[in-house]
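Report on one structure; see the data block that follows.
The values are calculated or read from the model by the stated rules, or taken from the named source; none is laboratory data. Computed from a predicted model, the values in this text were never measured in an experiment. Glycine also receives a Cβ, built like all others from the backbone with ideal geometry; neighbour counts cover every protein chain displayed. Surface areas here come from the heavy atoms of the whole protein model, side chains and all, with no ligands, DNA or RNA. Shrake-Rupley method; radii C 1.70, N 1.55, O 1.52, S 1.80 Å.
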Amino acid sequence: MSIDARSTGNAAVSEDDRSHVFHSWSAQASLAPLPIAGGSGTTVWDEDGRTYLDFSSQLVNVNIGHQHPKLVEAIRAQAATLATVAPAHASAVRAEAARSILSVAPEGFAKVFFTNGGADANENAIRMARLTTGRDKVVSHYRSYHGNTGAAVVATGDWRRIPNEYARGHVHVFGPYLYRSEFWAQTEAEESARALHHLERVIQAEGPQSVAAILLESVPGTAGILVPPPGYLAGVRRIADEYGIVMILDEVMAGFARTGDWFAFQAHGVRPDLITFAKGVNSGYVPVGGVLISDEIAHHFDDRVFPGGLTYSGHPLAAASIVASIAAMKEEGIVENARRIGADVLGPGLRRLAETHEVIGEVRGTGVFWALELVSDRDARTPLGAAEMARLKASILERGMLPFTAENRLHVVPPAVVTDAEVGTALEIIDAALREL
Ligand code: PLP
């Protein structure tokens with residue numbers, strides 16, 4: 001095919017993609033990416049015109065659904081006015097985007113630093129913590145993902161850190177995960193208390209005077225949608241205060257309606273010092289992320305230079321889409337919809353599936369953020385094997401639903417605009433695919 005032609009049809013687009021696009025996190029030779037040609041709400045379609053219910057929200061970012069007309073129009077209008085502007089200029093739409101985000105944040109936050117995505121949001125939050133404390137180390141969870149740049153990927157705990165360990169000063173701890181407790185805990189209260197004890201002991205052993213930040217996902221997402229037990233995040237806040245450590249909560253995946261709140265930590269009664277965001281803030285219609293900066297930390301840089309910046313910080317197309325997205329979420333009750341769906345429809349529906357399918361070891365989640373932990377032996381909690389997971393994924397796709405799988409888990413993560421009827425269809429598809437398995 002000539003390089004100026006655009007291919008159509010699943011086979012041709014897939015082949016064109018495989019020939020010229022280098023994909024993330026993969027050995028390239030065996031890839032067979034499904035082409036996505038268009039979408040609307042919770043539905044997408046491929047290049048052959050086949051439709052799918054998107055219960056992956058792509059990379060758990062399309063919280064407002066596909067092609068929301070208010071976002072598309074806002075981006076179109078901004079493109080017609082001013083499509084790009086340097087970060088050193090003031091920009092009305094950028095300031096409005098910051099105000100929109102701050103309007104749903106806790107008290108004590110008046111400034112936003114914009115980045116290109118989630119990884120560099122964490123990168124800059126770590127930088128702010130190091131500069132304000134004069135300390136170096138960052139403590140994070142083994143079960144975590146914080147992004148694919150210098151410090152963020154080393155703060156990450158999962159396998160992706162290991163081939164990328166070039167940043168220094170990173171320390172990891174185990175967080176709470178009662179189903180596979182590292183602490184021999186039997187109850188959530190035990191798991192929370194012992195995980196906090198472990199965290200505090202590691203900080204003491206590392207030397208509290210060397211620890212700049214504790215960086216955690218409010219609800220670890222890719223690691224398994226591990227909703228923290230009551231009291232855990234409040235305990236982390238107490239430890240951070242005790243030792244003068246900056247508490248950074250990564251809300252990149254969990255924020256902006258995913259858990260049924262604007263921010264996931266709001267259900268846990270804590271206020272972090274820095275909040276990182278991306279994904280759901282504008283559902284990824286234009287790449288963007290950022291850091292909400294508490295007043296204490298923001299003031300540190302009133303008379304000191306902040307040594308960080310990005311050409312596209314607060315890009316106007318991203319800013320316009322943030323303003324439109326937060327307005328639409330407020331007007332259309334999208335956060336409330338996510339909360340109701342989780343509590344009344346999706347959560348109960350998944351728990352019903354667990355009553356009939358032995359392979360479901362645990363159901364956990366909140367809002368539109370759920371995981372089924374799949375096991376080959378319920379008593380031993382043996383993770384379901386990779387071959388069965390691949391068959392399950394193919395079977396769900398074949399039935400017209402885009403799944404999100406990670407290790408032995410099916411993450412059920414639709415857009416926050418999902419309807420009761422769409423959840424009903426998805427539950428039937430998962431039921432049938434598990435039956436076939
Ligand atoms: N933090 C969390 C919790 C994430 O889930 C992700 C991406 O999945 C990131 C950070 C990185 O975001 P990005 O891919 O936009 O750099």
Residue within the range 257-269 that is modelled with pLDDT of 95 or more, farther than 18 Å from residue 367 by Cβ and open to solvent by less than 40 Å² (accessible area, probe 1.4 Å) present: no
Matching residues, the range 227-250, being touching a Leu at 6+ places or on another chain (Cβ under 9 Å), within 16 Å of the ligand (Cβ to nearest atom) and not in a helix (DSSP H, G or I): 228, 247, 248, 249, 250
Residues of the range 15-36 that turn out to be open to solvent by 60 Å² or more (accessible area, probe 1.4 Å) and assigned to a loop (DSSP other than H, G, I, E, B), as a count: 10
Residue count for the range 199-226, restricted to those that are more than 10 Å from the ligand (Cβ to nearest atom), over 13 Å from residue 173 (Cβ atoms) and surrounded by fewer than 24 Cβ atoms within 10 Å (Cβ to Cβ): 6
Scope the range 300-325; condition in a helix (DSSP H, G or I) and either over 28 Å from residue 411 (Cβ atoms) or not assigned by TED's automatic domain parsing to the domain that holds residue 264 (or both); matching residues: 300, 316, 317, 319, 320, 323
Filter result for residue 286 (away from the ligand (no atom under 16 Å from the Cβ), assigned to a loop (DSSP other than H, G, I, E, B), open to solvent by 10 Å² or more (accessible area, probe 1.4 Å) and touching a helix residue (DSSP H, G or I) at 6+ places or on another chain (Cβ under 7 Å)): no
Residue within the range 147-169 that is hydrophobic (A, V, I, L, M, F, W, C), open to solvent by less than 40 Å² (accessible area, probe 1.4 Å), part of a loop (DSSP other than H, G, I, E, B) and within 16 Å of the ligand (Cβ to nearest atom) present: yes
Residue tally, condition within 13 Å of the ligand (Cβ to nearest atom) and assigned to a loop (DSSP other than H, G, I, E, B), over the range 251-281: 10
